[in-house]
Amino acid sequence: MKSPRSNSLPVASACPALRRPVDGHAGVLMILFCLALGAQQVAIKAVASDIAPLAQVALRSLAAAMLVLAIARWRGMRLTDLRADLGPGLLVGLGFTAEFVFVAWGLHYTLASHMSVFLYTAPVFAALGLHLWVPGERLARRQWWGIALAFAGMLIAMAPATHRVAAGAVMLGDALGLLAGLSWAATTLVLRRSSLSEAPPVKTLCYQLIVAAGILMPVVVASGDLERIAVTGPVVASMAFQTLVISCGALLLWFALLRRYLASQLGVFSFLSPVFGVLFGALLLGEPLTLNFIIGGLAILSGIVLVSR
């Protein structure tokens, strides 16, 4: 006899589908994902004088939302299907939006290297939340040591060479960076704790992009950032990369991996993103490489091995 359906908002099953430990295939895909995120920072920074960072996020979210909606429609998903997971979908979208608002706001006060460090505390916060609230995501002591080692390595790798900003401003910016990391971690927890845990990746991405575009576009219009955009070749290339590779390809890959593998183990790979960002900055923008970056990068790789072995 079939059990009656509940009329309440869909949530994750009491016995959610088991996630696999990260294997070699997932590891390679996560490295590609982190490469894309690392390049994202350079893409934003390279054209920041011609288009404000928040305007970049708003425009790429709007363009990507239309593209992902078209893909979803082609796969047979209707707009009415978005109602089924509307509650967690809105939460995921708000978390994504808050993350980038805190980043853009915090960069007015703190150094970019500080922001990278505090933004990528997200895997630590997510691993703690998953350990406490999601069955099957508990970490062993060795894996906690791996997270600690990777995080310490990131702090070493991203440590700035000089401090030219007022201490009070830096503390405010760093606090906003922590809030950005918490926002990112919160979206991971919502995904794993709600009905979106088993939803198609394209559906989850629709929520994220539609909410971000709906909130940020009015903000950048009101601030006048759209009127100050200088349409140049680099701006077009950067926006195309951010829209197609980051907001569509990379995020679809991330959500697809979250459906199959342990989120706590996937998250630790995110520590590679700021390292790749520094590498791209050195290669494309002429930013210096330091000894502390090399040492920290080795520590990050060692931590990843401990967590994902």
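Read-outs throughout are calculated quantities, based only on the coordinates presented, and are distinct from any laboratory measurement. Nothing here was measured: the structure is a model prediction, and the numbers come from that model. Note that each Cβ is placed from the backbone with ideal geometry, even for glycine, and that neighbours are counted across all protein chains shown.
Remarks
- Cα centroid separation, segment 241-271 to segment 65-139 (Å): 10
- Cα-projected label distance for R73 with S302, points at 7 Å along beta-carbon direction, nm: 5.3
- Between segment 32-61 and segment 197-223, the C-alpha centres lie 16 angstrom from each other.
- Nitroxide proxy distance, nm - points 7 Å out along Cα→Cβ at E198 and T80: 2.3
- Segment 168-242: C-alpha gyration tensor shape, a/c 1.5 cut-off, then a/b vs b/c: oblate
- Taking a ≥ b ≥ c as the square roots of the Cα gyration tensor eigenvalues, the chain comes out oblate, since a/c reaches at least 1.5 and a/b does not exceed b/c.
- Label point distance in nm, H25-V231, each placed 7 Å from Cα along Cα→Cβ: 4.4
- Each stretch of four or more DSSP H residues adds -39500 (n - 2.57); spread over every residue of the chain, this sum gives -22500 deg cm²/dmol at 222 nm.
- Gain on full extension, evaluated as 0.36 nm per residue between L285 and H108 minus their Cα-Cα distance, stands at 61.7 nm.
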